[in-house]
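S.K.: I am attaching a structure below and will ask some questions about it afterwards.
The values are calculated or read from the model by the stated rules, or taken from the named source; none is laboratory data. Since the structure is predicted, the reported quantities are computational estimates derived from the model, not experimental observations. Glycine also receives a Cβ, built like all others from the backbone with ideal geometry; neighbour counts cover every protein chain displayed.
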Amino acid sequence: MSVLLIGVTHRDLPLEVFERFAVTAEDTPKLLATLTARDHVSEAVVLATCNRTEIYVKAERFHGAFEDLRDLLVELSDVTPDRFLPHLTVLWDDEAIEHLFSVAAGLDSAVLGEVEVQGQVRTAQRVAADEGTLGPTLELAFRHALGAGKRVRTETSIATHTASVSQAAVEIARDALGGDDSLQGSIVVVVGAGKMATSMARSLSQAGSRVVVANRSASRGAELAAEVDGRAVALDDLSAELGAAQAVLCGTSSTATVLGADQLAGASDLVVVDIAMPRDVDPTAGDLDGIDLFDMDDVTRLTEAGLDLRRNEVDSARLIVEDEVLRYHNATTARAAGPIIASVRTRAEQLRLLELERHASKLEALDPETQALVDQVTKAMLAKLLHQPSVRLREQAGTLRGDRLAEALRDLFDLP
């Protein structure tokens, strides 16, 4: 069994095509169930962010699993294969694992070294676990990937320069309003209350903005507004807030347009930054007088200009990723040796117990303390005898020599 990754990114597809592949938190459980119902898939994790939709599966055969996932992407997006197949990321086995580790480390993000992706990888792992589609193969891969991401951010400065996607959105708004302290005292509407919207609201509050949170869930909107010392309004009342606002930052997980061009038609001198995927704001609103509309394309362009310091850390980060990939492979090979080692130890214990039973009449003549000593000594002898073979097999697991050692143990201990 190996790991197959198939996915699309905002970097490789036009925005209007990529957003058709967006997977919301509400859609994920159903998608995971659909994946594992396919003939060639036994485990599945879906990693969906504003920049990528990636599906990781455990598969026995590449071609069968690839065809399953390709067909599922067509169903999901209603996009014909010829429009996305040339841009599809398809990685198998070691390459899929290395890619996952790089993603968790922020090395494949729109904003190099961004922090949010670590949490997104962890959430993808947790949701798959909750839905019962995270088996031992993907659990081990994602656990080690998260470890790699943590090490990269702890041991390098890759996450301490420039901005994440949400911070970049705030910087865009600041620059569009005049730079420097332009956010101080400005009324800024944050649409949404999820992770990205929350991050934007916190940054705006720290910059001195008067934050208005517009969210579909009134309770979550009120909670976020209270956290940033702002004000909460219903999403249906969003239009009424535009006249007094200087900026609107959007980051919901809605699959439908949240802010239409007709709602913005009466506004003037309004900065709108949309980092949602699919987009929250009707893109034609950018043609209106008095509306400065920015989207993920602008976020990507802006962050590229400030990434030199982070790029200086890339080589160090990649060395850490390589080290963690090696640790992962060591863990997988050790795990592969586990069943044969356990079988050998079980067989040896059966033989020990049979011999003790064969001499039970003589042992019964011994006092209880001596009987217990005989039991302990024979157990210790077996443990010492089997220790070195177990170590050697774990070290060589996954190699030709390891296969030979495993076969020899099966033969010597009469194992199936």
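S.K.: Somewhere in the range 112-121, is a residue under 30 Å from GLN206 (Cβ atoms), in contact (Cβ under 8 Å) with a residue 60 or more places away in the chain, part of a loop (DSSP other than H, G, I, E, B) and not assigned by the TED database to the domain that holds ASP295? Lay out the reasoning, then the answer.
M.R.: So the first thing to find is which residues in the range 112-121 are under 30 Å from GLN206 (Cβ atoms), and the list is 112-121.
Going one step further and asking which of them are in contact (Cβ under 8 Å) with a residue 60 or more places away in the chain, we end up with 112-113, 116-117, 119-121.
After this cut, where a residue has to be part of a loop (DSSP other than H, G, I, E, B) as well, the list is 112-113.
When the remaining residues are screened for being not assigned by the TED database to the domain that holds ASP295, the result is 112-113.
Yes, some residue in the range 112-121 is under 30 Å from GLN206 (Cβ atoms), in contact (Cβ under 8 Å) with a residue 60 or more places away in the chain, part of a loop (DSSP other than H, G, I, E, B) and not assigned by the TED database to the domain that holds ASP295.
S.K.: Then there's this: Anything in the range 210-237 that is over 11 Å from GLY192 (Cβ atoms) and assigned to a helix (DSSP H, G or I)? List them, or say none.
M.R.: Taking the range 210-237 as the starting set, the residues that turn out to be over 11 Å from GLY192 (Cβ atoms) are 210-212, 218-219, 222-223, 225-234, 236-237.
Across the range 210-237, the qualifying residues are ALA218, SER219, ALA222, GLU223, ALA225, ALA226, GLU227, ASP236, ASP237.
S.K.: Something else: Could you tell me which of the residues LEU302, LEU293, LEU307 is free of Cβ contacts under 8 Å to residues at least 60 places away in the same chain and over 21 Å from the mean Cα position of the chain (by Cα)? Even if it seems obvious, please write down each step before you answer.
M.R.: On the way: LEU302 fails: free of Cβ contacts under 8 Å to residues at least 60 places away in the same chain; LEU307 fails: free of Cβ contacts under 8 Å to residues at least 60 places away in the same chain.
Result of the check over LEU302, LEU293, LEU307: LEU293.
S.K.: Give me the residue from the range 358-391 that is among the hydrophobic types (A, V, I, L, M, F, W, C) and outside any helix (DSSP H, G or I) and, out of that set, surrounded by the most Cβ atoms within 10 Å (Cβ to Cβ). Let's see the steps before the verdict.
M.R.: Here is the first cut: in the range 358-391, the ones among the hydrophobic types (A, V, I, L, M, F, W, C) are 360, 363, 365-366, 372-374, 377, 380-383, 385-386, 391.
Add one more test, that the residue is outside any helix (DSSP H, G or I), and what stays is 365-366.
Values: ALA365: 8, LEU366: 12.
Of everything passing the filter in the range 358-391, LEU366 is surrounded by the most Cβ atoms within 10 Å (Cβ to Cβ).
S.K.: Any residue at all in the range 58-70 that is in contact (Cβ under 8 Å) with a residue 12 or more places away in the chain, in contact with a Pro (Cβ under 8 Å, 6 or more places away or on another chain) and surrounded by fewer than 23 Cβ atoms within 10 Å (Cβ to Cβ)?
M.R.: yes
S.K.: Could you please give the count of residues in the range 32-50 that are touching a residue at least 60 places away in the same chain (Cβ under 8 Å) and in contact with a Lys or Arg (Cβ under 7 Å, 6 or more places away or on another chain)? Give the derivation first.
M.R.: Let us first name the residues in the range 32-50 that are touching a residue at least 60 places away in the same chain (Cβ under 8 Å), namely 32-33, 35-36, 42-50.
With in contact with a Lys or Arg (Cβ under 7 Å, 6 or more places away or on another chain) added as a condition, the list becomes 42-43.
Count: 2.
S.K.: Something else: Does the range 407-415 include one or more residues that are on the phi > 0 side of the Ramachandran plot and exposed (fewer than 12 other Cβ atoms within 10 Å of the Cβ)? Lay out the reasoning, then the answer.
M.R.: So in the range 407-415, the residues on the phi > 0 side of the Ramachandran plot come out as 414.
Those left that are additionally exposed (fewer than 12 other Cβ atoms within 10 Å of the Cβ): 414.
The answer is yes, given that some residue of the range 407-415 is on the phi > 0 side of the Ramachandran plot and exposed (fewer than 12 other Cβ atoms within 10 Å of the Cβ).
S.K.: Please go through the range 155-213 and give me each residue that is of a type in the set (Lys, Arg) and in contact with a Cys (Cβ under 6 Å, 6 or more places away or on another chain), ordered by number.
M.R.: Taking the range 155-213 and keeping what is of a type in the set (Lys, Arg), we get 174, 195, 202, 210.
Those that are of a type in the set (Lys, Arg) and in contact with a Cys (Cβ under 6 Å, 6 or more places away or on another chain): none in the range 155-213.
S.K.: Those residues that are over 24 Å from LEU302 (Cα atoms), buried (at least 21 other Cβ atoms within 10 Å of the Cβ) and out of contact with any Leu (no Cβ under 9 Å at 6 or more places or on another chain), I need them from the range 238-279; list them, please.
M.R.: None - no residue of the range 238-279 is over 24 Å from LEU302 (Cα atoms), buried (at least 21 other Cβ atoms within 10 Å of the Cβ) and out of contact with any Leu (no Cβ under 9 Å at 6 or more places or on another chain), so the list stays empty.
S.K.: Scan the range 81-106 for residues that are among the hydrophobic types (A, V, I, L, M, F, W, C), at pLDDT below 95 and surrounded by 21 or more Cβ atoms within 10 Å (Cβ to Cβ) and jot them down.
M.R.: Answer for the range 81-106, where residues must be among the hydrophobic types (A, V, I, L, M, F, W, C), at pLDDT below 95 and surrounded by 21 or more Cβ atoms within 10 Å (Cβ to Cβ): there is none.
S.K.: With respect to the numbered conditions (1) assigned to a helix (DSSP H, G or I); (2) under 21 Å from the mean Cα position of the chain (by Cα); (3) farther than 9 Å from GLY251 by Cβ, which one is the sole condition not fulfilled by THR160?
M.R.: Of the numbered conditions (1) assigned to a helix (DSSP H, G or I); (2) under 21 Å from the mean Cα position of the chain (by Cα); (3) farther than 9 Å from GLY251 by Cβ, the odd one out for THR160 is (1).
S.K.: I need a count of the residues in the range 71-80 that are surrounded by 15 or more Cβ atoms within 10 Å (Cβ to Cβ) and either among the hydroxyl-bearing types (Ser, Thr, Tyr) or on the phi > 0 side of the Ramachandran plot (or both).
M.R.: Looking only at that region, the number is 1.
S.K.: I'd like the full set of residues that are of a type outside the set (Gly, Ala, Ser), surrounded by 22 or more Cβ atoms within 10 Å (Cβ to Cβ) and on the phi < 0 side of the Ramachandran plot, limited to the range 157-186. Walk me through how you get there before you give the answer.
M.R.: Within the range 157-186, the first condition is being of a type outside the set (Gly, Ala, Ser), and the residues that meet it are 158, 160-162, 165, 167, 170-172, 174-175, 177, 180-181, 183-184.
With the extra rule that they be surrounded by 22 or more Cβ atoms within 10 Å (Cβ to Cβ), the set shrinks to 158, 162, 165, 170, 172, 174, 183.
Passing the criteria: ILE158, VAL165, VAL170, ILE172, ARG174, LEU183.
Yes/no matrix, rows are residues, columns are (1) in contact (Cβ under 8 Å) with a residue 40 or more places away in the chain; (2) in the same structural domain as LEU76 (by the TED database); (3) surrounded by fewer than 20 Cβ atoms within 10 Å (Cβ to Cβ):
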site: VAL281; (1), (2), (3): no, no, no
site: LEU288; (1), (2), (3): no, no, yes
site: SER316; (1), (2), (3): yes, no, yes
site: ILE341; (1), (2), (3): yes, no, yes
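S.K.: Let me ask something additional. Is at least one residue of the range 256-265 within 21 Å of the chain's Cα centre (by Cα), hydrophobic (A, V, I, L, M, F, W, C) and modelled with pLDDT under 95?
M.R.: Here is the first cut: in the range 256-265, the residues within 21 Å of the chain's Cα centre (by Cα) are none.
No: the range 256-265 contains no residue that is within 21 Å of the chain's Cα centre (by Cα), hydrophobic (A, V, I, L, M, F, W, C) and modelled with pLDDT under 95.
S.K.: If you don't mind, another one. Search the range 179-201 for residues that are over 30 Å from THR123 (Cα atoms) and pair each with any residue that is β-branched (Val, Ile, Thr) when their beta-carbon atoms are under 9 Å apart and the residues are at least 6 apart or on different chains.
M.R.: Correct list of pairs: LEU183/VAL170; ILE187/VAL211; ILE187/VAL212.
S.K.: Of everything in the range 289-330 that's outside any helix (DSSP H, G or I) and among the small types (Gly, Ala, Ser), which residue is modelled with the lowest pLDDT? Explain how you work it out, then say what you get.
M.R.: To start, the set of residues in the range 289-330 that are outside any helix (DSSP H, G or I) comprises 289-295, 306-307, 312-313.
The next check asks that each one be among the small types (Gly, Ala, Ser); those that pass are 290, 306.
Working: GLY290: 93, GLY306: 67.
In this case the residue turns out to be GLY306.
S.K.: Quickly run through the range 108-128 and pick out the residues that are modelled with pLDDT of 95 or more, hydrophobic (A, V, I, L, M, F, W, C) and closer than 25 Å to LEU326 by Cβ.
M.R.: Matches in the range 108-128: VAL121, ALA124, ALA128.
S.K.: Take the residues in the range 17-41 that are hydroxyl-bearing (Ser, Thr, Tyr) and either at pLDDT 95 or above or surrounded by 23 or more Cβ atoms within 10 Å (Cβ to Cβ) (or both); name whichever of them is nearest to GLN120 (Cα to Cα).
M.R.: Step by step, filter the range 17-41, then rank; the result is THR28.
S.K.: With (1) in contact with a helix residue (DSSP H, G or I) (Cβ under 6 Å, 6 or more places away or on another chain); (2) within 22 Å of GLU116 (Cβ to Cβ) as the list, and ASP27 as the residue in question, which single condition is left unmet?
M.R.: (1)
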